[in-house]
Ligand code: SF4
């Protein structure tokens, strides 16, 4: 039997969770640990199921990413001619299946299957809203299939391909930092990194994430920061934001990363063993935030 160890690693999503609410972070990275096992206690199993819940907006983003990844992988391996319509239809068919699974709360028996926050917390979402979610996915995918980058990918020589939504990592001061680049390739002397965005445009909001990708690219492909171009592609509006990395951004990112790691580690019981006690992780100040938290029904702030 494989034994898993809960190692301390860093990622932007881990940092986001810690900044939103330390207790939420605890549930996400410590309280849910081992909840997949038959031998786990009931609360740990429950936290593990709640951890997987997603909102319909997150789901839409995930489905767009999955579809684009599949299409790009097919192009990469020349497996067959791609039909945009067929890819979109397959995505919608999968979404219908996942929606039904969530509606009947199938995620309680299969925690890794699709489960919606909206269903678990009985939010009154009209059918028209779910339809809008599906329409949004179709809009985003149509933008991708009609884009210049799609045409570029179709003709991209094999030696220029780098990564397609692959979970990668790089070492930094003794810890592993995880990244997942939506699509990266070489173009002349540059590394180009595409980031598919399905939510609202938030200029400047992704600086840390993009700098993290940049640091990974600099280390992984031995290039200078100025040779790394990131492109945020907002698929709902077709807008794109290109950015060339600067040395000073990498410097700021390193400082940010070190501070983030320190703040997280300061709350641990044992840093080397990466063990934590729930009580040491504070509740978020703003209670309103709890209404949108996966852990609302087990959080002591509301259950005690
Ligand atoms: S319910 Fe509120 S305090 Fe508890 S984990 Fe969620 S956000 Fe944090």
* To do: Please determine, by comparing only the residues of segment 26-57 that are within 29 Å of residue 197 (Cβ to Cβ) and more than 16 Å from the ligand (Cβ to nearest atom), which one is surrounded by the fewest Cβ atoms within 10 Å (Cβ to Cβ).
  => 57
* Which pairs do you get when a residue that is at negative phi, found in segment 158-171, comes within reach of a residue that is modelled with pLDDT of 95 or more and surrounded by fewer than 16 Cβ atoms within 10 Å (Cβ to Cβ), reach meaning Cβ atoms under 6 angstrom, with the pair 6+ apart or on two chains? -> 169/176; 170/219
* Spot the failing condition for residue 269; the list is (1) out of contact with any strand residue (DSSP E or B) (no Cβ under 6 Å at 6 or more places or on another chain); (2) more than 16 Å from the ligand (Cβ to nearest atom), and only one is missed. => (1)
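So that you can scan it fast, the table gives a plain yes or no per residue for (1) touching a residue at least 40 places away in the same chain (Cβ under 8 Å); (2) within 7 Å of the ligand (Cβ to nearest atom); (3) over 15 Å from residue 28 (Cα atoms):
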residue: 285; (1), (2), (3): no, no, yes
residue: 293; (1), (2), (3): yes, yes, no
residue: 297; (1), (2), (3): yes, no, no
residue: 303; (1), (2), (3): no, no, yes
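The values are calculated or read from the model by the stated rules, or taken from the named source; none is laboratory data. Computed from a prediction, not measured in an experiment: that's the story for all the values here. Glycine also receives a Cβ, built like all others from the backbone with ideal geometry; neighbour counts cover every protein chain displayed.
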